[in-house]
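The values are calculated or read from the model by the stated rules, or taken from the named source; none is laboratory data. Computed from a predicted structure; not experimentally measured. Cβ: placed from backbone, ideal geometry, glycine included. Neighbour counts: every protein chain shown.
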Amino acid sequence: MIIIEIIVLISLIGFMAVIYYYQRDVIYPAFVFCFIWTIQIAGLIIFQNLFIPLSPDVLLIVLTGILFFTIGCFVGSRKAIYISDKWRLTIREIQCNKIFHIVAIIILLWALWNIYLIASNVWSGDSLLLKLISLRKAIGKDRTPGGYFGIFSYFSSIVFVLTILAFFSKMKADKKVFKYEIVFYLYLIIFLGMSFFSTGRGNMLKIFIVIAFSYIYLVRPKPKKFCKVFFLLVFFAFFLFWSGGILLHKGDNSNFYSVLKSIALYQFSPLPALSIFLQSKHDLFFGQYTFRFFPAVLKAIGFDVEVKKRVLDFVHIPNRTNIYTFYYSYISDFGVISVGFFPFIIGLIHGQIYKKALLAKNNDFIGFIFVVSFLPLLNSTGGEAYFSMLSTWIQYLFFAYIFTRKMSTRLLFQAKSIG
């Protein structure tokens with residue numbers, strides 16, 4: 001079986017090279033999508049002694065999904081050709097008013113203080129370690145619609161949006177401007193503070209992933225600098241996983257190999273789990289998993305409807321895991337035909353966003369949508385986030401829209417094809 005996996009890996013590397021040769025852009029969504037699944041297969045080959053062998057069905061699903069996603073992305077981004085002329089566009093940029101940022105920072109600091117007060121009322125223990133563990137347990141047991149921190153949990157979305165928009169202003173300035181620097185770092189510190197009290201490593205990693213993609217999108221660094229950004233992000237992810245594991249007593253963190261093994265078990269378990277899932281018989285749920293957001297909203301406002309659970313059942317691969325890739329929801333609802341349909345539609349949307357982002361680089365609102373769209377894409381190897389986290393994406397779009405101001409200007413596009 002390992003021979004087949006190696007053949008698939010070589011095929012994916014070749015396909016990824018073709019995509020890059022066509023687009024010459026490392027943040028072309030189809031290239032990123034192919035890259036993350038290539039890493040999955042490579043990781044399973046390297047750490048094959050930790051997992052059960054992949055079934056041929058899973059390998060076929062991976063190849064099919066990449067192919068249809070790439071086709072969709074190509075269709076969505078092609079024919080982006082603008083003849084040299086003046087075009088009137090409506091663009092949106094972040095609010096530059098000093099009073100706006102001062103008021104926003106004061107309100108966000110107030111929200112952070114209230115989050116701290118809520119956390120300090122429930123955590124227990126003499127050390128920070130014990131306090132975080134007790135807080136983590138309390139958050140894990142909470143099932144209220146607004147989350148453990150109630151209305152203050154929504155401020156995390158607000159400061160996330162403002163951090164990214166402030167980073168856009170910081171990077172687009174002709175030279176270092178103190179007000180842009182200080183505003184960005186203040187927002188970032190507040191966001192990290194809120195993420196710290198939520199005790200989740202995902203939020204901290206999320207903000208730096210989006211910042212990294214924003215940097216590549218705005219600066220277009222040379223290969224050497226791009227590699228620095230990429231390896232810095234990988235190092236930060238490794239450090240965050242290791243330090244969080246120590247603080248929260250998750251996994252074996254006694255030495256480097258143990259940490260690496262824990263990361264491998266977490267990162268590369270979805271495809272083996274999907275292999276187990278495909279071997280079992282199950283009924284189709286026709287959207288109850290994929291579109292659970294809508295019945296969840298109805299249930300929250302009082303309707304008596306069934307909502308599929310987010311936490312899935314565990315399987316042994318041979319270690320226990322309940323992460324199955326984003327194909328789990330689609331196959332559970334619509335069968336194997338969905339492994340081509342949904343990646344095509346998602347790729348089509350990514351291609352459209354990519355095209356708009358490249359044609360209007362001074363539009364902070366479109367740029368924000370573009371860089372944030374990589375979050376569910378990167379999460380696809382772990383679970384479905386496009387539809388299941390729809391409430392988060394709606395919040396981000398809503399806040400990004402109200403925190404940007406509308407400006408009409410004439411832009412000059414040179415004749416250029418981007419797809």
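Brief remarks follow.
- Scanning the stretch 349-377 for residues that are closer than 22 Å to residue 60 by Cα and over 18 Å from the mean Cα position of the chain (by Cα) yields a total of 0.
- Of all residues making up the stretch 298-309, the number that are in contact (Cβ under 8 Å) with a residue 40 or more places away in the chain and under 24 Å from the mean Cα position of the chain (by Cα): 0
- Hits in the stretch 185-203 - residues which are of a type in the set (A, V, I, L, M), surrounded by fewer than 19 Cβ atoms within 10 Å (Cβ to Cβ) and either more than 11 Å from residue 156 (Cβ to Cβ) or over 17 Å from the mean Cα position of the chain (by Cα) (or both): 189
- Filter pass, residue 380 being at pLDDT below 90 and either under 12 Å from the mean Cα position of the chain (by Cα) or closer than 30 Å to residue 272 by Cα (or both): no
- Of the helices (runs of 4 or more DSSP H) lying entirely inside the stretch 301-395, the ones with 1 or more residues being more than 26 Å from residue 68 (Cα to Cα) and not small (Gly, Ala, Ser) are found at 364-372.
- Candidate set from the stretch 49-77 (those that are touching a helix residue (DSSP H, G or I) at 6+ places or on another chain (Cβ under 6 Å) and among the polar types (S, T, N, Q)); member that is surrounded by the fewest Cβ atoms within 10 Å (Cβ to Cβ): 64
- Qualifying residue in the stretch 24-32 (condition: buried (at least 23 other Cβ atoms within 10 Å of the Cβ), assigned to a helix (DSSP H, G or I), modelled with pLDDT of 90 or more and not basic (Lys, Arg)): yes
- Selection from the stretch 240-260 of residues that are modelled with pLDDT under 65 and more than 20 Å from the chain's Cα centre (by Cα): 245, 246, 247, 248, 249, 250, 251, 252, 253, 254, 255
- The stretch 394-419: number of residues that are modelled with pLDDT of 50 or more and surrounded by fewer than 18 Cβ atoms within 10 Å (Cβ to Cβ): 11
- Looking only at the stretch 261-297, and only at residues there that are more than 22 Å from the chain's Cα centre (by Cα) and among the aliphatic types (A, V, I, L, M), the one that is nearest to residue 53 (Cα to Cα): 276
- Residue within the stretch 272-295 that is at pLDDT 80 or above, farther than 27 Å from residue 36 by Cα and in a helix (DSSP H, G or I) present: yes
- Residue satisfying condition, being within 21 Å of residue 61 (Cβ to Cβ) and in contact with a helix residue (DSSP H, G or I) (Cβ under 9 Å, 6 or more places away or on another chain), within set 276, 331: 331
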